[in-house]
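Q: To start, I am sharing the structure in question, which I have written as structure tokens.
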């Protein structure tokens with residue numbers, strides 16, 4: 001896929017002025033790989049025949065769920081080698097310190113570090129920005145106040161409106177780290193702009209009644225090819241539990 005590597009600056013010209021090329025706009029290529037993810041499950045013929053419910057459908061549901069679990073974990077902390085690249089792994093993603101060694105609150109127990117993180121994000125990405133953290137961290141953030149002693153977490157008032165943290169929606173992401181010294185429990189930004197997901201092959205199932213037939217088993221093989229990586233690191237930032 002194309003990736004912008006340089007940008008031009010707009011210019012003005014007088015009524016009869018001569019226009020020259022606005023140089024600087026350059027593009028490179030970003031490679032996204034889509035390694036295979038699989039699940040291989042053997043089930044006895046007796047179980048398939050005698051179960052009170054559709055065991056094949058149940059296995060399909062479980063495979064779908066576990067594929068999603070693995071993708072979620074890799075989105076946060078995947079190495080990028082044979083799996084997705086995690087948003088907390090890419091070295092180009094900028095960070096801010098919370099202001100205290102082991103929590104998202106600053107040294108005074110307030111949200112200054114969190115608010116600094118938010119306002120250090122470029123304006124062009126703020127419009128569609130979201131917070132990302134796990135449920136335990138959400139509990140900590142709900143207790144934080146700004147310098148005027150106001151809670152930064154606010155419930156959605158209108159029907160269907162999401163709860164917000166300092167006016168921006170948040171998403172609960174179980175694989176984000178808990179608070180702790182040197183941890184990155186919170187990310188903030190426009191993840192649709194900054195991260196690219198690739199679904200090369202959606203989940204497919206091969207039902208094989210032959211390979212394990214002598215053992216009275218049917219083999220279910222699930223596979224899926226997906227990829228993902230940070231393609232615009234400036235679109236989001238991460239918060240580190242550390243003193244200023």
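Here, each number is a calculation from the coordinates, and none is a lab measurement. Bear in mind the structure is a predicted one, so any value in this text is a computation, not a measurement. With ideal geometry, Cβ positions are generated from the backbone for all residues, glycine too; neighbour counts draw on all protein chains shown.
Q: Using a Gaussian network for the chain with springs between C-alpha atoms less than 10 Å apart, which of these wobbles most: 157, 41, 186?
A: 157
Q: If you take the square roots of the eigenvalues of the alpha-carbon gyration tensor of the stretch 144-218 and sort them as a ≥ b ≥ c, do you get rounded (a/c under 1.5), prolate (a/b over b/c) or oblate? Intermediate values should be presented prior to the final figure.
A: On the way: a/c = 3.03, a/b = 2.60, b/c = 1.16.
Verdict is prolate for the stretch 144-218.
Q: Run the simple label-point estimate for residue 46 and residue 101 please: 7 Å along Cα→C-beta, distance reported in nm.
A: About 6.0 nm, to one decimal.
Q: Hey, another quick one. Where does each of 100, 140, 123, 94 land when they are ranked from fewest to most other beta-carbon atoms within 10 angstrom? Numbers along the way, then the final one.
A: Working: 100 19, 140 16, 123 7, 94 13.
Fewest-to-most ranking of 100, 140, 123, 94: 123, 94, 140, 100.
Q: Between 0 and 90 degrees, rounded to the nearest ten: what's the tilt of helix 55-77 against the longest Cα principal axis of the chain?
A: On a 0 to 90 degree scale, this one is about 30.
Q: Right, something else. Just report the Cα centroid separation between the stretch 51-107 and the stretch 1-47, whole Å.
A: The distance from the Cα centre of the stretch 51-107 to that of the stretch 1-47 comes to 23 Å.
Q: Is the C-alpha gyration tensor of the chain telling us rounded, prolate or oblate? Criteria: a/c under 1.5 is rounded; beyond that, a/b larger than b/c is prolate, otherwise oblate. Walk me through the numbers on the way to the answer.
A: Numbers: a/c = 2.64, a/b = 1.48, b/c = 1.79.
The shape class here is oblate.
Q: Same structure, new question: Test of understanding: in a Gaussian network model of the chain with alpha carbons linked when under 10 Å, which of 143, 19, 70 would top the mean-square fluctuation ranking?
A: Highest fluctuation of the listed residues: 19.
Q: Relative contact order for the chain using alpha-carbon pairs under 8 Å, separation at least 6, rounded to a whole percent? Walk me through the intermediate numbers first.
A: On the way: 490 pairs, mean separation 66.5, N = 244.
Relative CO of the chain lands at 27 percent.
Q: Between residue 1 and residue 142, what FRET efficiency follows from the Cβ-Cβ distance if R0 is 45 Å, with the result rounded to 0.05?
A: Numbers: r = 39 Å, r/R0 = 0.86.
Once rounded, the FRET efficiency stands at 0.70.
Q: Which of the three applies to the stretch 13-115, rounded, prolate or oblate, going by the alpha-carbon gyration tensor with a ≥ b ≥ c and a/c under 1.5 meaning rounded? Please report the intermediate quantities before stating the final value.
A: Details: a/c = 3.62, a/b = 1.69, b/c = 2.15.
Oblate, since a/c reaches 1.5 and b/c is not below a/b.
Q: Now for a different question. For residue 14 and residue 154, what is the calculated FRET efficiency with R₀ set at 51 Å and r taken between the beta-carbons, to the nearest 0.05?
A: Values: r = 51 Å, r/R0 = 0.99.
So, using R0 = 51 Å, E works out to roughly 0.50.
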